[in-house]
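Computed from the coordinates by the stated procedures, all read-outs in this text should not be read as laboratory data. Quick caveat: nothing in here was measured; it's all calculated off a predicted structure. Cβ coordinates were reconstructed from backbone atoms using ideal geometry, including for glycine residues, and neighbour counts include every protein chain displayed.
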Amino acid sequence: MISEFPLFVFTLLGGMGAGAYLFTAFLPRRESDKPWLFPAIVLVLLAVSGVALLGHLGKPAGMFNAFTNPTSGITLEGFTSMIFGLLVVIDLVLAWQKKDVAIVRMLAAVAGLLLMCAMGYTYYTFIGMPQWGTVECFPLFVLGGIATGATLAAFFVQDGYRGASLAAGAIVALAANAVAILAEGAHFAAVGIDATPFICGAVLVVVAVGVAIYGRKSDASWVLPCAIALALVGTAVARYAFYLI
């Protein structure tokens, strides 16, 4: 197992939940007798990612020590995680009471975007490893979260991939994520590190693009689970390779 496994879990699951809110905040959700289910799932993803982040610090008290430097990446990740998490909790409570307050979801989407940007910033400013501190890490983390989030959102957005808005957004996000993964792989190759895992991850994400396109014309039950599995596994393979020191 990689030494940075807690960070791998934090960025993968936290980014996925954040990315999902970018779509569900601005697109109509499916009619459901459980409107609270989506924010509950995102909250679980965020909770697991938050525990992983604490695991990286060694103990919960380590977070308070990290907060002594307000410009550090981990501090920004911590603050944006808490803000995003609080807004998701508010959305969960409102959804449980079957109240629809769109502004809360929109604010959560903005906070989620800031969280993904904070993830990219953390590694962009990291100077200890030449393969990390480059501009390529921004799209790797931001687009990775948006792309995996788009596949999760398809379960909760009205019409899923058959809806033009989500389909277009998901297809563009997945394609852009594949390009970002390849760009990061090219940088790793330039500094003498094997880029094969990045290529494999990008291929899986490209296949997810094909599934999403197919989903525009099909109601097949396998489309959504297949798209989310391909996008998540492809992104995870590339992310794992990023941390494979």
Checklist outcome for this item: Total charge of the residues flanking Ala190 in space, meaning their Cβ is under 13 Å from its Cβ, with Lys and Arg +1 and Asp and Glu -1, is -3
Checklist entry - Among 76-83, 135-142, 221-228, what's the highest-first ranking by average C-beta atoms within 10 angstrom per residue? => result 135-142, 76-83, 221-228
Checklist outcome for this item: By the Cα gyration tensor axes a ≥ b ≥ c (a/c under 1.5 gives rounded; else a/b larger than b/c gives prolate, otherwise oblate), the shape of the range 99-185 is oblate
Checklist entry - With a sphere of radius 14 Å drawn around the Cβ of Ala20, what net charge do the other residues whose Cβ falls strictly inside it have (Lys, Arg +1; Asp, Glu -1)? => result +2
Checklist entry - Taking K and R as +1 and D and E as -1, what net charge do the other residues with C-beta under 13 Å from the C-beta of Arg216 add up to? => result 0
Checklist entry - Given 0.36 nm per residue, what is the gain on full extension from Ser218 to Val93 after removing their alpha carbon distance, in nm? => result 41.6 nm
Checklist entry - Which value, in Å³ per residue, describes the convex hull spanned by the Cα atoms of the chain? => result 112
